[in-house]
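The values are calculated or read from the model by the stated rules, or taken from the named source; none is laboratory data. These numbers were taken from a predicted model, which means no experiment stands behind them. Counting neighbours? That spans all protein chains shown, and the Cβs are built from the backbone with ideal geometry, glycine included.
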Amino acid sequence: MLIRDAHFVSSNTQLAACPTPDRPEYAFIGRSNVGKSSLLNMLTGRNGLAKISSTPGKTQVINHFMINDEWYLVDLPGYGYARVSKSSRADWGKMINAYLTRRENLTCVCVLLDSRHPPQAVDLEFMEKLGEDGVPFVMVFTKTDKQSATRTNELVTTYLAKMGETWDELPRHFLTSSETGVGREELLGFIEEVNR
Ligand code: GTP
Ligand code: MG
């Protein structure tokens, strides 16, 4: 897919304030620092479009980006960041839950997983919840440039085997690197196919 235009639309903490749900929407979610904002920049080819930081917890609001005037990409705040107070974690939960279960144009959630780590309870639980709520999602493994392809494949195989213990049908998965652009065509191709 050719990205002709990608621009920031709005930041919100309330579902009701999000843009009119009049086109397909894809949201990035995952642990703090997993690389959501970086992936958004890599996919759109616009460095600096979404704010990146080596400090976890950079993204705190629901950020909408309009792509080609046809679909929305959404950068969500990460979960599982230890240095966050209980009350802000509860606020996060409320905001994200409302967004995930009530955003009517939400076409697919991309759950980002660090390709270097074995399955983590917080991610598995998050995907379980998506399944229970009937929210369509795919798994996106990030930062594959940080290790050998062999190591990535081993970890992904382990991950899928773990998912196979609870899921009858495995969700689709993608391997990506925001450093090298690996996975860009595959993920954009998937979005194009679903949008059609
Ligand atoms: P929060 O908004 O805090 O939840 O984080 P995020 O998931 O948006 O992560 P972000 O994109 O800000 O990236 C976190 C750190 O990981 C930054 O230092 C990025 O440069 C780095 N990073 C992200 N993706 C990649 C990747 O594919 N390869 C490498 N080598 N580094 C990456
Ligand atoms: Mg971010």
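Restricting Asp5, Asp69, Asp22, Asp91 to residues that are over 23 Å from Asp133 (Cβ atoms), out of contact with any strand residue (DSSP E or B) (no Cβ under 9 Å at 6 or more places or on another chain), more than 15 Å from ligand 2 (Cβ to nearest atom) and among the charged types (D, E, K, R) narrows the list to Asp69. Within region 157-167, not a single residue is among the polar types (S, T, N, Q) and surrounded by 14 or more Cβ atoms within 10 Å (Cβ to Cβ). Residues that are more than 24 Å from Asn97 (Cβ to Cβ), among the polar types (S, T, N, Q) and surrounded by 14 or more Cβ atoms within 10 Å (Cβ to Cβ) within region 15-51 comprise Ser38, Asn41, Thr44, listed in sequence order.
If Ser54 passes every condition in (1) loosely packed, with under 14 Cβ neighbours inside 10 Å; (2) modelled with pLDDT of 85 or more but one, which one does it miss? Unmet condition: (2).
For region 16-45, name all the residues that are among the charged types (D, E, K, R), in contact with a Phe, Trp or Tyr (Cβ under 9 Å, 6 or more places away or on another chain) and either at pLDDT 95 or above or in a strand (DSSP E or B) (or both).
Initially, region 16-45 is screened for residues among the charged types (D, E, K, R), giving 22-23, 25, 31, 36.
With in contact with a Phe, Trp or Tyr (Cβ under 9 Å, 6 or more places away or on another chain) added as a condition, the list becomes 23, 25, 31, 36.
Arg23, Glu25, Arg31 - these are the residues of region 16-45 that are among the charged types (D, E, K, R), in contact with a Phe, Trp or Tyr (Cβ under 9 Å, 6 or more places away or on another chain) and either at pLDDT 95 or above or in a strand (DSSP E or B) (or both).
Of all the criteria given as (1) within 14 Å of ligand 2 (Cβ to nearest atom); (2) at negative phi, the one not satisfied by Glu104 is (1).
The residues listed here are Tyr81, Tyr72; of these, the one that is in a loop (DSSP other than H, G, I, E, B) and of a type outside the set (A, V, I, L, M) is Tyr81.
Going through Ile62, Ile96 one at a time, which residue ends up being modelled with pLDDT under 95 and over 23 Å from Thr44 (Cα atoms)? Break it down stepwise before answering.
Details: Ile62 fails: over 23 Å from Thr44 (Cα atoms).
The match here is Ile96.
Of the numbered criteria (1) more than 30 Å from Glu154 (Cβ to Cβ); (2) away from ligand 2 (no atom under 12 Å from the Cβ); (3) out of contact with any Phe, Trp or Tyr (no Cβ under 8 Å at 6 or more places or on another chain), the one Val61 fails is (2).
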